[in-house]
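Colleague: Encoded as structure tokens, here's the structure I'll be asking about.
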Amino acid sequence: MSEPTPDGQTGGLVDGPRDPEHDPSAHYALERSDVEALAARQIATTGRTRLVVSPLGGQPLAHLPESSATDVTEAFRRARVAQKQWARTPLDTRSEALLRLHDLLLDHQAELIDLVVWESGKARKDAFLEVAHLAMTARYYARTAHQHLDTRRVPGLFPVLTRAEVNRVPKGVVGIISPWNYPLTLALCDGLPALLAGNAVVSKPDSQTTLTALMAARLLDQAGFPKDLWQVVVGPPAEVGGAVVAQADYVCFTGSTATGKLIAAQCAERLIGCSLELGGKNPMLVLHDANLDAAAEGAVRAVFSNAGQLCISVERLFVADQVYDRFVEQFVARTRAMTLGASQDWAVDMGSLVSQAQLDKVTSHVEDAVAKGARVLAGGKARPDLGPYVFEPTILEGVTASMDLFAAETFGPVVSVYRFHDEGEAVERANQGSYGLNASVWTRDGDRGRAVARSLVAGTVNVNEGYGAAFGSLAAPMGGMRESGLGRRQGAEGILRYTETQSVGTQRVLPIRPVLGMSEESYAKVMTTALRVLKKVGRA
Ligand code: NAD
């Protein structure tokens, strides 16, 4: 694999697919030696392999090893040994490793982006955002480590007599199960605070995007994290993912609501905690005083980033009656002007879907809606001429509750546009359904936008932006209400979930009982007076 050049850039992981007929060593799109070096980082002793194919053009990428439940047990054994030592490593040393990772991510971005695009088919600009989000996560937690993790003094039972403090103790080994849609950032971003808090991690990425997760693990090694602290296992989801949940001290899951519910039930059986980052059917509201140019441009990014395979992307657009026609005209024009493609080219605005299964789901949602009377304002069909799983950015009007995509997550480049007459009614419609992940409000009046935000059922709300303002603010927690999840990533909650609180109380000078021959009755009177005084002086 190529080293960074003096200007900080790296060469790509590969040159691109070559013709095996003319080059016998070029059977796969990725260099075999590079793949083998990455795969060696995974614990996999079954001898089983699976073929991974790129969504870019259906090129075979590599045959990758599969882990088993036994391999997961070995991963936990190694992680537990490493974690004991790591928990004793000074916090500043752990933070320094995160800051080194920050630099490595930026230095190796070209190589990382190549691999993300090969495995997921996304546009290069979407892959870059993964690098940026991960670097920001590393920096945020490194710089706030003491704020979150230092032992904290709290008021004791009695002033002076009782000293009380709260420790943050690592949970142990955290299991992280992540999906394919943001394969770099979702493999690592939840793990970084876990490591900083003194835990080890067993990571189970999606089988489609294993190599990206393995390259991320390599960067952790290079940043100075002990190798056994971060284990990677990949294989049949129920077997390997199930074994992770069965042995972890805490589980962080990102994926579908259906799988999240299964994981939550398994965690409940073992009485361990979990955070669940799940699906959404996110609304965007364009109020009558919105800057329409900005809103139309923002809608394109909010709806079509990552070809809509983004948990916080917008799938429902509610537009005020007064500006509906003008907004829709601009939104449709911008959408039709997008450059589609399945390639490593920076010029691609929207890339491919990841798989045939994703293409089938998006196609069936659009076909069902159209068959039941929805009108297609832009897009509406697959583009096999551009790539096997490319689907056009699609805007639908006239969507009704009888259509599959009315309330169910499409997870593709499809949005339904609705007209509203009254803001209260718009909020009510936006709040319908079972999800509550992200929402977006567009208005020239920031205060009004933030007031509307408070009435929306969503874990994050963005004013005059689709998703980036809240998601990109690392100090702000991110996660879902209702069936969009449990717990939060980012901010204090994103790291404290990986710790147990331990309260230590130390009693000094006088015991908590009658002294000097005092009767229990007299002690109760003294205590009563003390309680009244404590209230009077304002003590909590
Ligand atoms: P998925 O639930 O099918 O898979 C997610 C991960 O879980 C994969 O690694 C998969 O192998 C694993 N898995 C599947 N079944 C399992 C089982 N029985 N036991 C243990 N692990 C199992 O989800 P997906 O379709 O791959 O991902 C898309 C979904 O993820 C969408 O619904 C999207 O909204 C959601 N998502 C949410 C967020 C968020 O932050 N809220 C982020 C990205 C994606």
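Colleague: For the stretch 374-403, list residues with backbone N below 19 Å from a point placed 7 Å from the Cα of HIS421 toward its Cβ?
Modeller: 398-401
Colleague: Kindly sort LEU219, LEU104 by accessible area of their heavy atoms, largest first, with the probe set to 1.4 Å.
Modeller: LEU104, LEU219
Colleague: In 10 Å bins starting at zero, report the fraction of Cα pairs in the stretch 412-487 per bin as a rounded %.
Modeller: Binned Cα distances yield the sequence 18, 51, 29, 2.
Colleague: Additional query: State to the nearest 20 debye the size of the charge dipole of the chain about its Cα centre, where the only charges are +1 on K and R beta carbons and -1 on D and E beta carbons.
Modeller: The dipole magnitude comes to about 2820 debye.
Colleague: Further question on the same structure: Work out, step by step, the length gained on full extension between ALA40 and ALA333: first 0.36 nm times the residue separation, then minus their alpha carbon distance; give nm to one decimal.
Modeller: Net length gain for the segment: 100.7 nm.
Colleague: Ok, one more. Could you compute the FRET efficiency for GLU165 and ARG50, with r as their C-beta to C-beta distance and R0 at 51 Å, rounded to 0.05?
Modeller: About 0.50, to the nearest 0.05.
Colleague: Any chance you could count the Lys pairs in the chain whose alpha carbons are under 27 Å apart, treating pairs 8 or more apart or on different chains as valid?
Modeller: 28
Colleague: When you take every Cα atom in the stretch 39-88, what is the radius of gyration, and what is Dmax, the widest Cα pair distance, in Å?
Modeller: For the stretch 39-88, the Cα-based Rg and Dmax read 15.3, 48 Å.
Colleague: What's the center-to-center distance, using Cα atoms, between the stretch 35-71 and the stretch 114-135 in Å?
Modeller: Taking the Cα centre of the stretch 114-135 as reference, the centre of the stretch 35-71 is 20 Å away.
Colleague: Scan the stretch 294-359 for GluC sites (Glu not before Pro) in coil per DSSP, keeping those whose Cβ has at most 11 other Cβ atoms within 10 Å, and list them by number.
Modeller: Listed in order of number, the matching sites amount to none.
Colleague: Same structure again: One quarter of the convex hull surface, Cα atoms only: what value does that give for the stretch 52-156 in nm²?
Modeller: If I average the Cα hull's projected area over directions, I get 10.3 nm².
Colleague: Here's another thing I want to ask about it. At 7 Å along Cα-to-Cβ for each site, give me the label-to-label distance between MET518 and VAL533 in nm.
Modeller: Placing both labels 7 Å beyond Cα along the Cβ direction yields 1.0 nm.
Colleague: Could you tell me the largest-minus-smallest coordinate of the C-alpha atoms of the stretch 236-279 on each of the three principal axes, in descending order and whole angstroms?
Modeller: 25, 23, 14
Colleague: While we're here: At a probe size of 1.4 Å, how large is the accessible area of ARG383, to the nearest 10 Å²?
Modeller: 60
Colleague: If R0 is 41 Å, what FRET efficiency do you get for GLN322 and LEU99 from their C-beta distance, rounded to 0.05?
Modeller: Efficiency, rounded to the nearest 0.05: 0.25.
Colleague: Still on this structure, please answer the following. Can you give the log10 of the normalised intensity I(q)/I(0) at q = 0.10, 0.17, 0.21 Å⁻¹, computed with Debye over equal Cα scatterers of the stretch 238-351?
Modeller: -0.49, -0.84, -1.03
Colleague: If DNA, RNA and ligands are ignored and the probe is 1.4 Å, what is the ranking of VAL427, VAL537, VAL53 by accessible area, most exposed first?
Modeller: The residues order as VAL537, VAL53, VAL427, largest area first.
Colleague: Also: Rank these by accessible area, largest first, 1.4 Å probe: TYR28, TYR250.
Modeller: TYR28, TYR250
Colleague: Per residue of the chain, what 222 nm ellipticity follows from adding -39500 (n - 2.57) for every DSSP H run with n ≥ 4, rounded to the nearest 500?
Modeller: -12000 deg cm²/dmol
Colleague: Oh, and also: Using only the Cα atoms, what convex hull volume per residue in Å³ does the stretch 130-199 have?
Modeller: Dividing the Cα hull volume of the stretch 130-199 by its residues yields 96 Å³.
Colleague: Let me ask something else about it. Can I get the semi-axes of the stretch 179-321's equivalent ellipsoid? Compute them from the C-alpha gyration tensor as square roots of 5 times the eigenvalues, in angstrom, largest first.
Modeller: Semi-axes from the Cα gyration tensor: 34, 19, 13 Å.
Colleague: Would you please put 32-38, 492-498 in order of how densely packed they are, using the mean number of other Cβ atoms within 10 angstrom per residue and starting with the highest?
Modeller: Packing proxy ranking, top to bottom: 492-498, 32-38.
Colleague: For the chain, what is the largest minus smallest coordinate of the Cα atoms on each principal axis, given in angstrom and ordered from greatest to least?
Modeller: Largest first, the chain extends 93, 62, 46 Å along its Cα principal axes.
Colleague: For the stretch 479-540 and the stretch 285-348, what is the separation of their Cα centres, given in Å?
Modeller: 50
Colleague: What figure, in Å² to the nearest 10, do you get for the accessible area of CYS311 with a 1.4 Å probe and non-protein molecules left out?
Modeller: It works out to around 30 Å².
The values are calculated or read from the model by the stated rules, or taken from the named source; none is laboratory data. Please read all numbers here as calculations on a predicted model, not as lab measurements. Reconstructed Cβ throughout: ideal geometry from the backbone, glycine too, with neighbour counts over all protein chains shown. All accessible areas refer to the heavy atoms of the entire protein, side chains included, with ligands and DNA or RNA removed. Shrake-Rupley method; radii C 1.70, N 1.55, O 1.52, S 1.80 Å.
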